Amino acid sequence: MATNEASDKNSAGATKIEPAKGKLGVMVVGMGAVATTLVAGVEAVRKGLAKPIGSITQMGTVRLGKRTDGRTPLLKDFVSLADLNDVVFTGWDIFPGNMYEAASTAKVLDKDLLQSIRPYLESIQPMPAVFDQYYVKRLHGTNVKQGKNKRDLAEQLRADIREFRKKTDRQVMIWCGSTEIFLHPSAVHDSVAAFEKGLEANDVNIAPSQIYAYAALSEGIPFVNGAPNLTVDLPVMLELSKKNNAPVCGKDFKTGQTMMKTVLAPAFKARMLGVAGWYSTNILGNRDGEVLDDPESFKTKEESKLGVLDYILQPDLYPDLYANIFHKVRINYYPPRGDNKEGWDNIDIFGWLGYPMQIKVDFLCRDSILAAPIALDLVLLMDLAKRSEELRGIGIQEWLSFFFKSPMTPEGLYPEHDLFIQSMKLKNTLRHIQGEELITHLGLEYYD
Ligand SMILES: NC(=O)c1ccc[n+]([C@@H]2O[C@H](COP(=O)([O-])OP(=O)(O)OC[C@H]3O[C@@H](n4cnc5c(N)ncnc54)[C@H](O)[C@@H]3O)[C@@H](O)[C@H]2O)c1
């Protein structure tokens, strides 16, 4: 396998990247539909039972040099990524069942597939979680840590991490837990000192997801946030991230409806077509749908889903086209559909001389089938960031915006939501760290 050759050869301009040697430990917070589809999927791929479709790191390629050069390696052969056989999973959940039981409850994958990897899934037992029902109203679980205050709980998580560190060489933590209630940043999030005082005092503004992120970043471990929760987009976490070389990135996996939105909206803008309204609605019957049925959790998701259009369409620059968009997002809990969400979009657009037109999108998707490869790519690429001398100390990994509904950026910088700009940013970052020429698509050199 050529995986490590590229980084070892240190071509002109390449930055130093430690090779992906040994075991990569993936610590998953929340062993529900997404997490079990990720873990079972990785095991199925390792056993040759299925292909890792939807994963950029496993199936994607990157063009290098000129179009005439014919150099288009697989991404995983171009940069040093952990091999799937070296990935080891552990995690936490408020329900005590092992991963086989959790996957059976989630009902995303076929019974036959689960049966064929049953012993492996049964071997992964969730550790007791840090949880408080105040932050996720619809859940009641028993596999929960007890402690005298939030500081004590954070220390228990750090002890779990240290224990796992004995069995693995490098670690990444990924939040695949539920959507918490909508929270605002507060004084307790302003610095590590303030946050630690808040942990002692059981400050209500500190949600469980923040305690996990604090534990991971304090231990120097990259943290990925798959939910829209207020977790790492806080000064305290950025301080820890930079201090401990523990990368962070955006939040809320960009899977179905929002992925389509960030493809269609840039097309309208590129063609200078106006948008009068965009009504997005979903029916969804899994546990995530049940949690989002609580208005306080829905508010967190709604903010994340609503953000994208404004940034892409830039109504300030194009008031005639986008200043008066009516944008609505609805998620309706509808148990018969399980994880197989249906998302409808009705888009009212207008063209030449203001004449109206309509577009309807009906996406019958599978939520966790779309999310699992994103989760896999993120843990592998965050591990790469941690091994990269240039990337590990910068905090936010904006080049991973591609995977998120809410990409993170430094203060004062607006996020890029256009999926193809995000894809270019991702691949150019990989070219950059490997010392390859960036691709601008100018192409004048072909006409010299
Ligand atoms: N599936 C998708 O397409 C998609 C897309 C974007 C974001 N997400 C987000 O990913 C998250 C997971 O989605 P899912 O469909 O797997 O949901 P799920 O309800 O099946 O799984 C979430 C799991 O997290 C556990 N949990 C909740 N709080 C916890 C805590 N504090 N500690 C440990 N475990 C905890 C729950 O018990 C549950 O098992 C949700 O926040 C969802 O909004 C999902």
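Just a few scattered comments:
- Shape of the stretch 257-364, Cα gyration tensor, a/c cut at 1.5: prolate
- Using Cβ point charges alone (K and R +1, D and E -1), the dipole size of the stretch 257-364 about the Cα centre works out to roughly 280 debye.
- Proximity of backbone amide H atoms, modeled 1.01 Å from N, is registered between Ile349 and Ala276, Met357, Gln358, Ile359 at under 5 Å, excluding neighbours fewer than 5 places apart on the same chain.
- Overall form of the stretch 301-448 per C-alpha gyration tensor (a/c, 1.5; a/b vs b/c): oblate
- The stretch 120-176: chymotrypsin sites (Phe, Trp or Tyr not before Pro) in DSSP coil with no more than 13 other Cβ atoms inside 10 Å: Tyr134
- In Hz, Karplus ³J(HN,Hα) per residue of the stretch 39-54 (6.51, -1.76, 1.60; θ = phi - 60°; x = Gly, Pro): 5, 5, x, 4, 5, 5, 5, 4, 8, x, 8, 7, 9, x, 5, x
- Residues whose placed amide H lies under 5 Å from that of Met408, excluding near-sequence neighbours: Gly250, Lys251
- When +1 charges are put on Lys and Arg Cβ atoms and -1 charges on Asp and Glu Cβ atoms, the dipole computed for the chain relative to its Cα centre reaches about 720 debye.
- Cα gyration tensor category, rounded, prolate or oblate, for the stretch 14-119 with a/c compared to 1.5: prolate
- Taking amide hydrogens as placed 1.01 Å from N in the peptide plane, the amide H of Gln171 sits under 5 Å from those of Gly25, each at least 5 positions away in sequence or on another chain.
- A straight Cα-to-Cα reach below 18 Å connects Lys301 with the aspartates and glutamates Glu180, Asp233, Asp252, Asp288, Glu290, Asp293, Asp310, Asp339, Glu342, Asp345, Asp367, residues fewer than 8 places away in its own chain not being considered.
- Selection from Ser80, Leu217, Thr258 lying farthest towards where the dipole of the chain points positive, charges on Cβ: Ser80
- Phi to ³J(HN,Hα) by Karplus 6.51 cos²θ - 1.76 cosθ + 1.60 over the stretch 167-173, Hz, x for Gly, Pro: 9, 9, 8, 9, 9, 9, 10
- Reachable lysines, given that their alpha-carbon falls under 16 Å from the alpha-carbon of Lys150 and they are not under 8 places away in the same chain: Lys197
- Peptides 226-232, 347-353 ordered by packing proxy, namely the average of other Cβ atoms within 10 Å per residue, highest first: 226-232, 347-353.
- Here the 3J(HN,Hα) profile of the stretch 289-303, calculated from phi with Karplus coefficients 6.51, -1.76 and 1.60 at θ = phi - 60°, is x, 5, 5, 6, 6, 7, x, 6, 6, 4, 4, 5, 5, 4, 4 Hz, Gly and Pro shown as x.
- Computed over the chain, the per-residue total of -39500 (n - 2.57) for DSSP H runs of n ≥ 4 gives a 222 nm mean residue ellipticity of -11500 deg cm²/dmol, rounded to 500.
- Counting only residues at least eight positions apart within a chain, or on another chain, the lysines with an alpha carbon under 27 Å from that of Lys16 are Lys66, Lys76, Lys166, Lys167, Lys242, Lys243, Lys386, Lys425, Lys427.
Rule-based calculations on the coordinates, nothing more; no lab input. Because the structure is a prediction, the values reported are computed rather than measured. Positions of Cβ are generated from backbone atoms using ideal geometry, with glycine treated the same way; all protein chains shown enter the neighbour counts.
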